[in-house]
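Below: one structure in structure tokens.
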Amino acid sequence: MVELDYLVIGHATNDLVGDTVQIGGSVVYAARTALALGCRVGVITSGGAGLDLSSVLEGAPTVLIPAEATTTFENSYTSEGRRQVIEKVAARLMPGAVPADWHAGIVHLGPVAQECDSRLADRFPSSFLGVTPQGWMRKRDAEGRVSRCSWRHAGRLLRRAGAIVLSDEDVGFNERLLDHYASQTRVLAVTRAGAGGTLYMCGCARQFQGADAQEVDPTGAGDVFAAAFFVELQRSGDAWRAALLANCLAAKSVTRLGLAGTPDADEVAGCEQTLRE
């Protein structure tokens, strides 16, 4: 039997940055953050034959569902927000992909390209379920260009989840939609880039301020936030403390490129010390 503190499910990706290819995806950023928080971490993903996660997910048992290709993103950041093109998509992730002997305290569903079957939420009825739904809220056209779409199965997943994390950009800055989601789930954390974010809980909204950080690369910051938020919320039961810890780590993550933005144990300890002061 494999006992995990944190299991994250979704596609690892190849992120095209200029002429280079970097490994990315919510599962990778979240898993590395959970490892830094001292969790026993497992990953379920899919990719092509060339995808090697051993160097970036050391210490995390990984199930890699074979696919013809690895999900591949081309990201560009403009004054009007992030623009994305999805060039390839790996295999869909179904409940049967989860090994029968894997058990997890926290299960994080982190789709990036509609790849997670919503029934995965039922695979672990006793686990804390964290959801980052951004991959269910985007679609791609025939040329791979990404745009927003409605979140299918939102109501069922909102009711089932222990916490949801998304960004205001994910919903097109639609505050009415955020209020609607918040009314259907236990805890909703909304990140707002450098402006901090909003924690919705028990019908109340509370703002947390952005940290002063020199942004170098925002990629993965939301995933760092989500993993830290889910772990601290499940450990302490204190959503406000979880939001502050997650905000601290996410702010530090944007000061470095790519996966270098994920925290290490010392950085986690530094943010935890800040909360105590």
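The values are calculated or read from the model by the stated rules, or taken from the named source; none is laboratory data. Here the structure is a predicted model, which means the values were calculated and not measured. Here Cβ is always computed from backbone atoms with ideal geometry, including for glycine, and neighbour counts include all displayed protein chains.
Residues checked against (1) of a type in the set (Val, Ile, Thr); (2) within 12 Å of Ala36 (Cβ to Cβ):
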{"position": "Thr219", "(1), (2)": "yes, no"}
{"position": "Phe225", "(1), (2)": "no, no"}
{"position": "Gly237", "(1), (2)": "no, no"}
{"position": "Ala242", "(1), (2)": "no, no"}
{"position": "Ala250", "(1), (2)": "no, no"}
{"position": "Val254", "(1), (2)": "yes, no"}
{"position": "Gly261", "(1), (2)": "no, yes"}
{"position": "Asp264", "(1), (2)": "no, yes"}
{"position": "Thr274", "(1), (2)": "yes, no"}
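Quick check on region 212-221. Is at least one of its residues within 28 Å of Val21 (Cα to Cα), among the hydrophobic types (A, V, I, L, M, F, W, C) and more than 20 Å from the chain's Cα centre (by Cα)? Give the derivation first.
Step one: filter region 212-221 for residues within 28 Å of Val21 (Cα to Cα), giving 213-221.
With among the hydrophobic types (A, V, I, L, M, F, W, C) added as a condition, the list becomes 213, 216, 221.
Next, from what is left, pick out any that are more than 20 Å from the chain's Cα centre (by Cα): 213.
There is at least one residue in region 212-221 that is within 28 Å of Val21 (Cα to Cα), among the hydrophobic types (A, V, I, L, M, F, W, C) and more than 20 Å from the chain's Cα centre (by Cα).
Before we move on, is Ala113 in a loop (DSSP other than H, G, I, E, B) and surrounded by 21 or more Cβ atoms within 10 Å (Cβ to Cβ)?
Spelling it out, Ala113 is indeed in a loop (DSSP other than H, G, I, E, B) and surrounded by 21 or more Cβ atoms within 10 Å (Cβ to Cβ).
Looking at (1) surrounded by fewer than 20 Cβ atoms within 10 Å (Cβ to Cβ); (2) within 22 Å of Ile164 (Cβ to Cβ), find the lone condition where Leu257 falls short.
Here Leu257 clears every test but (2).
Here's something else I'd like to know. Consider region 1-33. How many of its residues are within 14 Å of Leu51 (Cβ to Cβ) and part of a strand (DSSP E or B)? Break it down stepwise before answering.
Step one: filter region 1-33 for residues within 14 Å of Leu51 (Cβ to Cβ), giving 10-15, 21-25, 27-28.
In the following step, the residues that additionally are part of a strand (DSSP E or B) were identified as 13-15, 21-24.
The total comes to 7.
Against the condition modelled with pLDDT of 95 or more, surrounded by fewer than 18 Cβ atoms within 10 Å (Cβ to Cβ), part of a loop (DSSP other than H, G, I, E, B) and on the phi < 0 side of the Ramachandran plot, how does Pro99 come out, does it pass?
yes
In addition: Counting only residues that are among the aliphatic types (A, V, I, L, M) and part of a loop (DSSP other than H, G, I, E, B), how many does region 141-191 have?
Residues in region 141-191 being among the aliphatic types (A, V, I, L, M) and part of a loop (DSSP other than H, G, I, E, B): 3 in total.
Results for (1) crowded, with 24+ Cβ neighbours inside 10 Å; (2) modelled with pLDDT under 95; (3) touching a helix residue (DSSP H, G or I) at 6+ places or on another chain (Cβ under 9 Å), shown as yes or no for each residue.
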position: Gly10; (1), (2), (3): yes, no, yes
position: Asp19; (1), (2), (3): no, yes, no
position: Gly25; (1), (2), (3): yes, no, yes
position: Ala34; (1), (2), (3): yes, no, yes
position: Val43; (1), (2), (3): yes, no, yes
position: Gly47; (1), (2), (3): yes, no, no
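In region 193-213, which residues are within 23 Å of Ser183 (Cα to Cα) and either touching a residue at least 60 places away in the same chain (Cβ under 8 Å) or in a loop (DSSP other than H, G, I, E, B) (or both)?
Gly196, Cys202, Gly203, Gln209
How many residues are in contact (Cβ under 8 Å) with a residue 12 or more places away in the chain, under 21 Å from Lys88 (Cα atoms) and among the acidic types (Asp, Glu) if we restrict to region 138-169?
1
Further question: For region 38-56, name all the residues that are over 21 Å from Pro218 (Cβ atoms) and aliphatic (A, V, I, L, M).
Just the residues of region 38-56 that are over 21 Å from Pro218 (Cβ atoms), to begin with: 38-55.
Within region 38-56, Val41, Val43, Ile44, Ala49, Leu51, Leu53 meet the criteria.
Yes/no matrix, rows are residues, columns are (1) modelled with pLDDT of 95 or more; (2) of a type in the set (A, V, I, L, M, F, W, C); (3) buried (at least 23 other Cβ atoms within 10 Å of the Cβ); (4) farther than 23 Å from Cys271 by Cβ:
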residue: Val146; (1), (2), (3), (4): no, yes, no, yes
residue: His153; (1), (2), (3), (4): no, no, no, yes
residue: Asn174; (1), (2), (3), (4): yes, no, no, yes
residue: Ala189; (1), (2), (3), (4): yes, yes, yes, no
residue: Cys202; (1), (2), (3), (4): no, yes, no, yes
residue: Val216; (1), (2), (3), (4): no, yes, no, no
residue: Ala227; (1), (2), (3), (4): yes, yes, yes, no
residue: Val231; (1), (2), (3), (4): yes, yes, yes, no
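Which ones in region 116-144 are surrounded by 14 or more Cβ atoms within 10 Å (Cβ to Cβ), out of contact with any Asp or Glu (no Cβ under 6 Å at 6 or more places or on another chain) and among the small types (Gly, Ala, Ser)?
Ser118, Ala121, Ser127, Gly130, Gly135, listed by residue number.
Name every residue in region 82-96 that is closer than 21 Å to Gly50 by Cα and in a strand (DSSP E or B), in order of residue number.
Val85, Ile86, Glu87, Lys88, Leu93
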